[in-house]
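See below for the structure under consideration.
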Amino acid sequence: MPETIRNDCRNTDQEVPETPGKIIRCILESFALERIESLTGKQYERLHMVGDGIHNELLCQYTANVLAREVWTGPSEAGVNGHST
């Protein structure tokens, strides 16, 4: 599996993870949205983040960078009361 990940990264002009830690990080960063897209059969242009984590601008920007997609934020209360907008 590590070589498959490295090849995919090479083929898509991404940084190639060389250490076990970087390979694991690559898997974790890409898994969530790709899994949602494979389950729904749709590709999403943006992600809507809710909950207290949205107050961390670095987290939001990092998420957008990793996904290479626009990230919308808010409301922060949605993580507490279980709904989103």
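Each value in this text was obtained by applying a stated rule to the coordinates, not by laboratory testing. Remember, it's a predicted structure, so these values are computed and weren't measured experimentally. Neighbour counts run over all protein chains shown; Cβ positions are idealised from the backbone, glycine included.
Points to keep in mind about this one:
- As a size descriptor, the averaged projected area of the C-alpha convex hull of segment 1-42 was calculated at 3.2 nm².
- Modelled FRET efficiency - R0 35 Å, Met1 with His55, Cβ distances, 0.05 increments: 0.50
- The chain, Rg to Rh (Cα coordinates; Rh as Kirkwood inverse mean 1/r): 1.03
- For Trp72, the amide hydrogen comes within under 5 Å of the amide hydrogens of Leu47, His48, Met49, counting only partners 5 or more places away or on other chains and with H modelled in the peptide plane.
- If R0 is 22 Å, the Cβ-Cβ spacing of Val16 and Arg69 corresponds to a FRET efficiency of close to 0.55.
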